[in-house]
Amino acid sequence: MSSAIAFFDFDGTLTKSDSLLPFLRAVRGQKRFWLDMLVVSPWLAMYVLKILPNHKAKERLLRQALLGMDKAELYAKGAAFADTLSGGQLNALMLEKLKCHQEAGHITVLVSASLDVYLEYWSELLGFDYCLCSKLNCSDGAVSGALEGANCFGHEKVRRIKELLGEKPHSMKTFAYGDSVGDMPMLESVDEGYLYKKGRLALIR
């Protein structure tokens, strides 16, 4: 039985930047992607100005870009996109941290607001034991553009972790790694939380 469990954020922690917009660009193509961005720009502006919450802006973008797409086709594109995530797009330091936890026999969990469409496949490639992420809602084999359940961001990450830990021994040591304000609730909820900034890890608790 493992003595520890480590939680890793994805965008900006294991990767060097956001993954959602590159994924949508890969699915939609360059021209349609920029048209989508133009259409939803008022909602994105309201999010930047803190008028609109994160999940509302995200769902508006997803509806614009993915509404009505065939589920099987989209998930195939998600797997293809996950295969492209390598080299310069990934954070070597954090991948090494992940490897150290895995070699120590610790349970590793990917915790991200990014979409299951590509993240679940990518987490399997990297050997994660669990993937907690935002999920796309689909109906009758087509994408609705809405999220199924809550956006896995901020305190929702903590809720998902607590749900998972409910099945694990309370004696297990917990670690977490993130890079943004959306990760702080997660970092503050574990035994050792590390914030990644400018190439360095800072222990916050």
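Per-peptide packing, taken as the mean over residues of other Cβ atoms within 10 Å, places 177-188, 138-149 in the sequence 177-188, 138-149 from highest down. Please go through the residue pairs LYS99/LYS197; LYS71/LYS197; LYS31/LYS198 and name each one whose alpha carbons sit more than 27 Å apart in this structure. As for pairs spanning more than 27 Å Cα to Cα, those are LYS71/LYS197; LYS31/LYS198. Ranking PHE81, SER171, GLY193 by how far each Cα lies toward the positive end of the dipole of the range 67-205 (charges on Cβ) leaves GLY193 at the top.
Annotation: the residues TRP122, TRP34, sorted from fewest to most other C-beta atoms within 10 Å of their own C-beta, follow the order TRP34, TRP122. With the simple model of a label 7 Å out from the Cα in the direction of the Cβ, GLU103 to LEU21 spans 3.6 nm.
Per the Kirkwood formula applied to alpha carbons, the range 21-115 shows a radius of gyration over Rh ratio, Rg over Rh, of 1.06. Separation of the range 113-140 from the range 62-91 is 10 Å, based on Cα centroids.
For LYS97, the aspartates and glutamates whose Cα comes closer than 18 Å to its Cα, not counting residues fewer than 8 places off in the same chain, are ASP9, ASP11, GLU124, ASP129, ASP179, ASP183, ASP191, GLU192. Sites listed here are trypsin sites (Lys or Arg not before Pro) in the range 1-32 whose DSSP assignment is loop and whose Cβ has at most 12 other Cβ atoms within 10 Å, and the list is empty. Could you pull out which residues in the range 132-151 have an amide N less than 16 Å from a spot 7 Å beyond the Cα of ALA72, following the Cα-Cβ vector? Correct set: 139-143. Taking amide H positions as modeled 1.01 Å from N, with prolines and chain starts lacking one, the residues under 5 Å from MET69 and 5 or more places away or on another chain are VAL143.
Summing +1 for each Lys or Arg and -1 for each Asp or Glu among the other residues whose beta-carbon sits under 13 angstrom from that of LEU187 gives -3. Helix-only arithmetic for the chain: the sum of -39500 (n - 2.57) across DSSP H runs with n ≥ 4, divided by the residue total, places the mean residue ellipticity at 222 nm at -14000 deg cm²/dmol.
All C-alpha pair distances within the chain, sorted into 10 Å bins from zero, spread as 8, 34, 36, 18, 3, 0 percent across the bins. Taking the inverse of the average 1/r across all pairs of different Cα atoms in the range 35-86, what Kirkwood radius in Å do you get? For the range 35-86, inverting the mean 1/r across all distinct Cα pairs yields 12.5 Å.
Since every read-out is calculated from the coordinates, none of them should be taken as a lab result. In this text, all values refer to a predicted model and were calculated from it rather than measured experimentally. Note: ideal-geometry Cβ built from the backbone for every residue, glycine included; neighbour counts use all protein chains shown.
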